[in-house]
Amino acid sequence: MHNENTILNNNKNNMKVLNLNRISVKKATNVKKYIKGNNIKYFIANDDTKLLLLGDVDADKLQNSQGFEKYHLELEKPKYDIMLSEGYNVNLLGWSASFEECKDEIDEINGTDCSLLMDYHKGKISIVCNETAIIEYEEFVRYNPNVYYYASYGLKDGVYKALLVKANEIGQLTCADLKPLENHSRFVNYNEAMNYILFNVSSLCPKFSRYKDVEVIDLSVVE
């Protein structure tokens, strides 16, 4: 099975949402007139005329424009949902979270025995923008009833390193010539393994980042 993960929209972090549903129709109309009067571009999200989407340049222009503060409105980051699909069988999980939170959930459950995956084992798991209904990220579903997370950390060449390996058994690490670092443990889910690393390493190295400094390797085999 082709197993490539795909980022479908690289501009996901460059979009802001202005939600006018929380104010009166009259005030919303005045806000849109103000935006147009300042030559700021926006488009409507999901046919909702009170949900406006702005690119990063126009969002910054609006945020810094003189007089916008009187409306007491905040530009927000888009919210995302997780979608499972196989052919015409589609299931939205009902999330309203950040892109990163959705991605963390996918990293935790995909490739495991999570019951959500059973009916979509030949399909895809995706991240969908709630405001635009656009699929921002997707990967193939990997249903695997026997998987563990081997987390380790320690000093290597004077720098703190961390390794998180998804595998069916410890022997796969040996075959791949992967040696756990000084401190290591086995977990049954992704978040527990990642939290083990972050809790221990962040106290020793405050600048340590889960997205930059943790090497994640998937050796698991889908049955």
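The values are calculated or read from the model by the stated rules, or taken from the named source; none is laboratory data. Keep in mind the model is a prediction, meaning the values are calculated, not measured. Backbone-built Cβ (ideal geometry, glycine too); neighbour counts: all protein chains shown.
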Looking only at region 134-155, and only at residues there that are closer than 19 Å to residue 112 by Cα and among the β-branched types (Val, Ile, Thr), the one that is surrounded by the fewest Cβ atoms within 10 Å (Cβ to Cβ):
147
Based on what the data block shows, is residue 221 touching a helix residue (DSSP H, G or I) at 6+ places or on another chain (Cβ under 6 Å) and at negative phi?
no
Having 2 or more residues that are at pLDDT below 85 and among the hydroxyl-bearing types (Ser, Thr, Tyr) is the bar; report the strands (runs of 3 or more DSSP E) wholly within region 1-55 that clear it.
none
Being out of contact with any Lys or Arg (no Cβ under 8 Å at 6 or more places or on another chain), more than 25 Å from residue 53 (Cα to Cα) and either at pLDDT 95 or above or of a type in the set (S, T, N, Q) (or both) is the filter here, so list the residues in region 75-89 that pass it.
89
Of residues in region 149-183 being polar (S, T, N, Q) and closer than 14 Å to residue 196 by Cβ, the one modelled with the lowest pLDDT:
183
Please determine whether any residue of region 142-153 is in contact with a His (Cβ under 9 Å, 6 or more places away or on another chain), under 26 Å from residue 90 (Cα atoms) and touching a residue at least 12 places away in the same chain (Cβ under 8 Å).
yes
Looking at region 86-178, what strands (runs of 3 or more DSSP E) fall wholly within it and have at least 1 residues that are touching a strand residue (DSSP E or B) at 6+ places or on another chain (Cβ under 7 Å) and under 30 Å from residue 206 (Cβ atoms)?
124-129, 135-140, 148-156, 159-167
Among the candidates 98, 115, single out the residue that is surrounded by fewer than 20 Cβ atoms within 10 Å (Cβ to Cβ), modelled with pLDDT of 90 or more, outside the structural domain of residue 189 (by TED's automatic domain parsing) and among the polar types (S, T, N, Q).
98
In region 195-223, what residues are over 19 Å from residue 159 (Cβ atoms) and of a type in the set (A, V, I, L, M)?
219, 221, 222
